[in-house]
Amino acid sequence: MNFYMNQRRLRASAQIRDLAAIVLVSHRDLIQPIFVEEGLLQRVESRTMSGVFTDTEGSVLQQIANDLAQGVNKFLLFPIPNQRFEYNFNFEFATKVVQSIKKKFGDAVWLACDVCLCSYTAHGHCGVLNEEKTRMENAKTVKILADYALQLAQSGADCIAPSDMTDGRIKAIRNLLDTEGYDFVSIMSYSSKFSSNFYGPFRDVCKSSPDKSLKLKNRKTYQIDPRNLHDAMRSSLRDAEEGADFLMVKPALPYLDILTRLSQKVDIPLVIYHVSGEYAAIDLLAKENLIEKSAAHIELWTSFKRAGASAIITYAARNGKTWLETDSDF
Ligand code: PBG
């Protein structure tokens, strides 16, 4: 052959690059996590994640109003109660926050609520433990989570997002919601959620790290082992069978292979969670002027869509519209 493959023709100008592109991120794909803490007097910014706040019951309404003005209308709520329990959980704070958000914004806001016990338990685990505190009690936890989910649905939540990793919770939640007349509330399962090193900044915000003095020091007995591809696939496929409307892969970058594999197996929308440690890493690079934050996030979001995500949970969602409009010189 007397020619070489000229791949650069299709890279030669912004226009031709646009035409050749097959993935385009929109701010409509993005979900913004929000944290609201009970009894907090003044909102505080996270010490490791820029632009991420823990809001008070009042300030969250202003934050959401600002976000709506910036083109964000999908949120994932993390309530942080100021009391921790072993068994008898009280979900009143969370339900109050959901009610006040839905009362003020109605259908202008799509509100998903994280459902897990890690911000509720005295020991920081995602569910109820046995008496010796050596393992999580699956059945008891599922029952509590389903009850919590129902209370959130009754308060106006649009979507329930269980992140605890017990078995059978999707089925239990779906059944209870349907029986009680909330068949219109969707479920976004954290279905392929790994036991990861990248949740640090989140646990710092939610004060939800497991108690290191216990025998059960970490979440490895219920979150997925990063080496176990089969578990990641089966957990998601099972949650799909149990009635999840969305499946999720979490964290994002180390697990894009799972996302792609799932996208080839199921016809269910897939959500990817770019988690706190991954977000904070970009912040640290940006602080040292080694990366352009907005362009870096756009590149990451693009990779998530290319790998098969239809939605992205990102702490930078509230910047999405502005960044995508002004930083779109690919
Ligand atoms: C609760 C929960 C966690 C995250 C979302 N829901 C923490 C954990 O599992 O320890 C992590 C989110 C993030 O790091 O951004 N179980």
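Quick look at the numbers
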{"item": "Relative exposure of TRP110, TRP323, TRP301, judged by other C-beta atoms within 10 Å (fewest first)", "result": "TRP110, TRP323, TRP301"}
{"item": "Spatially proximal aspartates and glutamates relative to LYS96 (Cα-Cα < 16 Å; intrachain offsets below 8 disregarded)", "result": "GLU37, GLU38, ASP55, GLU57, ASP114, ASP147, ASP158"}
{"item": "Least to most buried among LEU247, LEU214 (fewest other Cβ within 10 Å first)", "result": "LEU214, LEU247"}
{"item": "Relative contact order of the chain, defined on C-alpha pairs under 8 angstrom at six or more residues apart (%)", "result": "19"}
{"item": "Out-of-range pairs (alpha-carbon distance over 26 Å; input LYS102/LYS140; LYS171/LYS305; LYS74/LYS212; LYS140/LYS215; LYS193/LYS305)", "result": "LYS102/LYS140; LYS171/LYS305; LYS74/LYS212"}
{"item": "Over the chain: helical MRE at 222 nm, DSSP H runs n ≥ 4 each giving -39500 (n - 2.57), nearest 500", "result": "-11500 deg cm²/dmol"}
{"item": "Angle between the chain longest axis and helix 293-307 axis [Cα atoms, degrees, rounded to 10]", "result": "80"}
{"item": "Loop-exposed GluC sites (Glu not before Pro) per DSSP, neighbour cap 11 Cβ within 10 angstrom, longest uninterrupted part of the chain", "result": "133-287"}
{"item": "Within a Gaussian network of the chain (alpha carbon springs, distance under 10 Å), most fluctuating of SER236, SER26, SER213", "result": "SER213"}
{"item": "Nearest 10 degrees, 0 to 90: helix 229-241 Cα axis against the chain principal axis", "result": "70"}
{"item": "Among beta bridges that DSSP assigns inside the chain, antiparallel share in %, nearest 5", "result": "10"}
{"item": "Most mobile of PHE89, PHE35, PHE78 in a GNM of the chain (Cα contacts under 10 Å)", "result": "PHE89"}
{"item": "Antiparallel bridge percentage (DSSP; both residues within the stretch 119-264; nearest 5)", "result": "10"}
{"item": "0 to 90° range, to nearest 10: angle between helix 256-265 axis and the chain longest Cα axis", "result": "90"}
{"item": "The stretch 25-112: antiparallel DSSP beta bridges as a percent of all, rounded to 5", "result": "15"}
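Values in this text are rule-based calculations from the coordinates and carry no lab data. It should be emphasised that the depicted structure is a prediction, and the values quoted were computed from it without experimental measurement. Neighbour counts run over all protein chains shown; Cβ positions are idealised from the backbone, glycine included.
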